[in-house]
Amino acid sequence: MTIDRQRHIEGALFLVAYIACIPAANWLIQHVGTICPPNAPCLIPVAPGGIMAPSGVLMVGLALVLRDLVQRRLGTAFGLGAIAVGAVISAAVAPPSLVFASTIAFLISEMTDFAVYTPLQQRGLVLAVLASSVVGLLADSLLFLWLAFGSLDFLGGQIIGKALMVLVTLPAIHWLRRRDARLKLA
């Protein structure tokens, strides 16, 4: 298999996984949690001490990393296109009461991730993914909670839940960077 073909196949897989994270996050928030109060998001514990977060945070954290990988494999135009498609999907699948907050938070957090990742990617993949994901998850958490609820009550849980997902991916990102260098895919 040629290097370009492998890059495109992997990029397509990252893109499909990225797009799948959006409806998955919305489904989780409505159906999966240790606590699912009526007319409220399902919550999961994300840290000791009873720190809870809406269950969709896991997929949001993963989406930030996958968007970076789409850009790495397919280029900035695909990275930006993925953000646009993701915003449309976010608006389409979010519960009616959360459409505005979900769409705006998604769009701005992903663009923030893009703005940080793009210049850092040449310095190192792991650093770029970590830094851009942290900035993106902060933007997403602050915007979504404020726009959806006018409150930052779940901010700690949102940040911890998304950060945990990003941290879980870092060993795979490190492996990918090393493999890319060996195969000259980077």
Exercise for the section: Look at ASP180 and say whether it is out of contact with any strand residue (DSSP E or B) (no Cβ under 7 Å at 6 or more places or on another chain), surrounded by fewer than 22 Cβ atoms within 10 Å (Cβ to Cβ) and not in a helix (DSSP H, G or I). Expected result: no
Practice task
State yes or no: is GLY86 touching a Cys at 6+ places or on another chain (Cβ under 9 Å) and in contact (Cβ under 8 Å) with a residue 40 or more places away in the chain?
Solution key: yes
Problem - Check on ILE160, in contact with a Leu (Cβ under 8 Å, 6 or more places away or on another chain) and at pLDDT 95 or above - result: no
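Could you look through the stretch 47-101, keep only residues that are polar (S, T, N, Q) and in a helix (DSSP H, G or I), and pick out the one that is surrounded by the fewest Cβ atoms within 10 Å (Cβ to Cβ)?
Just the residues of the stretch 47-101 that are polar (S, T, N, Q), to begin with: 55, 71, 76, 90, 97.
Now restrict to residues that are in a helix (DSSP H, G or I): 71, 76, 90, 97.
Numbers: GLN71: 25, THR76: 13, SER90: 24, SER97: 11.
If we take residues in the stretch 47-101 being polar (S, T, N, Q) and in a helix (DSSP H, G or I), then SER97 is surrounded by the fewest Cβ atoms within 10 Å (Cβ to Cβ).
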Problem - Residue in the stretch 134-143 that is within 16 Å of ALA25 (Cβ to Cβ) and more than 13 Å from the chain's Cα centre (by Cα) present - result: yes
Practice task
Inspect the stretch 5-15 for any residue being assigned to a loop (DSSP other than H, G, I, E, B), within 24 Å of SER132 (Cβ to Cβ) and not aliphatic (A, V, I, L, M) and give the result as yes or no.
Solution key: no
Practice task
Say whether the condition of being under 15 Å from the mean Cα position of the chain (by Cα), of a type outside the set (A, V, I, L, M, F, W, C), surrounded by 14 or more Cβ atoms within 10 Å (Cβ to Cβ) and modelled with pLDDT of 95 or more is met by at least one residue in the stretch 118-131.
Solution key: no
Handout entry: Condition check for ALA91: under 15 Å from the mean Cα position of the chain (by Cα) and without any contact (Cβ under 8 Å) to a residue 40 or more places away in the chain
Key = no
Practice task
May I ask you to verify whether ILE108 is surrounded by fewer than 20 Cβ atoms within 10 Å (Cβ to Cβ), in contact (Cβ under 8 Å) with a residue 40 or more places away in the chain, among the β-branched types (Val, Ile, Thr) and part of a helix (DSSP H, G or I)?
Solution key: no
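The values are calculated or read from the model by the stated rules, or taken from the named source; none is laboratory data. All figures in this text were calculated on a predicted structure; none of them were measured in a lab. Here Cβ is always computed from backbone atoms with ideal geometry, including for glycine, and neighbour counts include all displayed protein chains.
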